[in-house]
Structure formats: C-alpha cells, structure tokens
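What follows is one structure encoded as structure tokens, with my remarks underneath.
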Amino acid sequence: MNDNLTIQPISSKAEKRRFVRMLWDIYANDPNWVPPLEMDRMKLIDEKKNPFYSHADTRWWIAEQNGKPVGRIAAIINHNYNEIQNERAGFFGFFESVNDAEIASALFRE
C-alpha cells in the first residue's frame, strides 16, 4: 500500500463537509460533472436531519494521499430492510475515488 495513503473515519460536521466537498477536487477538470448542492448533501448525511438514520447505522471514511482527499466510502446497515427481508445485510454508499485501483481497494477493505 502507498505509504502516503491514509483512510480515516469521520464524524464531526467539519469532517462531513470535507467528505461532501471532496467531489469538487475529484471532478474539477471533468466538463460533464454537475456538482450537487452542498447543502442537500450535508442534510443527506446528517443523522439529526435525515429520518433514515432513525433506523439505520452508517459509518463514513475518507481517503487522503499527501494530505489531499482522494476517495470516500460509507458502510450502511438499514435495520428496517434487514427486518423486513429477514437478512443481515450491509450496504456501501457514497463511494468515490480518483482513478486509482489501490485507493479504491483500500476504501473497500476499511
């Protein structure tokens, strides 16, 4: 693994803002990218404002290389889904990464 790559869990509002804003870095030079509304993305991952989190648990991670965000991922357990489907499933979401298989793989291993 690249020695300059770190993957950190996030939880604070400032960290979540970095989690959301990292898309601007990844897609800055893509002429086809249309940025989401930051305010909406922040509400989406806010456990107090989004009712989804009353029946789900989520953990978020951000990958950084040389201090710059290069990827992100979330692990999600939707307890209502598991109860209705009689499963013990988990889901991944919010996955984004620069075009680097090592970084993407590291995020999924975390």
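Kindly evaluate A75 against the criterion of being surrounded by 12 or more Cβ atoms within 10 Å (Cβ to Cβ), in contact with a strand residue (DSSP E or B) (Cβ under 7 Å, 6 or more places away or on another chain) and farther than 20 Å from S11 by Cβ. Walk me through how you get there before you give the answer.
Working: surrounded by 12 or more Cβ atoms within 10 Å (Cβ to Cβ): yes; in contact with a strand residue (DSSP E or B) (Cβ under 7 Å, 6 or more places away or on another chain): yes; farther than 20 Å from S11 by Cβ: no.
For A75, the condition - surrounded by 12 or more Cβ atoms within 10 Å (Cβ to Cβ), in contact with a strand residue (DSSP E or B) (Cβ under 7 Å, 6 or more places away or on another chain) and farther than 20 Å from S11 by Cβ - is not met.
Would a scan of segment 18-26 turn up a residue that is over 18 Å from S97 (Cβ atoms) and without any contact (Cβ under 8 Å) to a residue 60 or more places away in the chain? Before the answer, list the steps.
So in segment 18-26, the residues over 18 Å from S97 (Cβ atoms) come out as none.
No; the residues of segment 18-26 include none that is over 18 Å from S97 (Cβ atoms) and without any contact (Cβ under 8 Å) to a residue 60 or more places away in the chain.
If you filter segment 47-64 down to residues that are more than 26 Å from S105 (Cα to Cα) and out of contact with any Asp or Glu (no Cβ under 6 Å at 6 or more places or on another chain), you find that the one that is most open to solvent (accessible area, probe 1.4 Å) is K48. Looking only at segment 25-43, residues that are open to solvent by less than 60 Å² (accessible area, probe 1.4 Å) and assigned to a helix (DSSP H, G or I) come to 3 in all.
Looking at G67, is it exposed (fewer than 12 other Cβ atoms within 10 Å of the Cβ) and of a type outside the set (F, W, Y)? Yes.
Restricted to segment 78-103, and to residues that are surrounded by 11 or more Cβ atoms within 10 Å (Cβ to Cβ) and of a type in the set (A, V, I, L, M), which residue is nearest to R21 (Cα to Cα)?
Keep residues of segment 78-103 that are surrounded by 11 or more Cβ atoms within 10 Å (Cβ to Cβ), which gives 78-82, 90-98, 100, 102-103.
This time we only want the ones that are of a type in the set (A, V, I, L, M), so: 98, 103.
Numbers: V98: 14, I103: 18 Å.
Going through the qualifying residues, I end up with V98.
The single condition from (1) part of a helix (DSSP H, G or I); (2) closer than 29 Å to W24 by Cβ; (3) open to solvent by 70 Å² or more (accessible area, probe 1.4 Å) that A106 fails is (3).
The values are calculated or read from the model by the stated rules, or taken from the named source; none is laboratory data. For clarity, every value in this text was computed on a predicted model and none was experimentally measured. So basically every Cβ, Gly included, is an ideal-geometry build from the backbone, and we count neighbours across all protein chains shown. Ligands, DNA and RNA are stripped out before the accessible areas are found, and what is left, the full protein with its side chains, is counted by its heavy atoms. Shrake-Rupley method; radii C 1.70, N 1.55, O 1.52, S 1.80 Å.
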